[in-house]
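Accompanying notes for the structure given below.
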């Protein structure tokens, strides 16, 4: 399943990652809650923005500041002055205004994170980028940054497949994988075996021996969970 997702994300969203970087879980809020303890400090969130994201972060001990959104998305000037170490954004379709962050603003956001390597991260919530009626969406922030960039990519299958299956996924930067494995290596996946294995027979996920059957957790290169 993770290999199928990696191929799909590269083709349609420009995400650059290996299957071992993808975590699959039962909903974005669940995955965000697992990510929170690995984050280096306070978070900036959009105002207006997705209230559940802020609630999940605060419930896990991450203090949040609300930053204004203009016609190009989150204000980078406000972010730079906020003292935040993490920035949660919905750049493809800002919730709830619908603003799309242009390429220039995305580059500014990545530059903000790049100024403090390993101490600043961007959480990119790409919750409904598949739904476009006029043009193809801009490439993801994660794709612009690269596999070991400062971007954690979040998305979901709830809108494109079915809400009831509760499958979301997260792409972790390579630099966060050691901390993830140290903290969560004994956890079981929260997506059912039926949901995670019922992919088209022709897809890489259906045939690859490197997938840990029934698990939604990252595998280390070489095939071990």
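All of the numbers you see were taken from the coordinates with simple rules; none came from a lab. Since this is a predicted model, take the numbers as computed values, not measurements. Cβ coordinates were reconstructed from backbone atoms using ideal geometry, including for glycine residues, and neighbour counts include every protein chain displayed.
Things to note:
- Residue identified as in contact with a helix residue (DSSP H, G or I) (Cβ under 8 Å, 6 or more places away or on another chain) and without any contact (Cβ under 8 Å) to a residue 24 or more places away in the chain among 17, 65, 87: 65
- Residue-level analysis places residue 14 among those that are closer than 17 Å to residue 122 by Cβ and surrounded by fewer than 16 Cβ atoms within 10 Å (Cβ to Cβ).
- Qualifying residue in region 100-110 (condition: touching a residue at least 40 places away in the same chain (Cβ under 8 Å) and within 30 Å of residue 189 (Cβ to Cβ)): no
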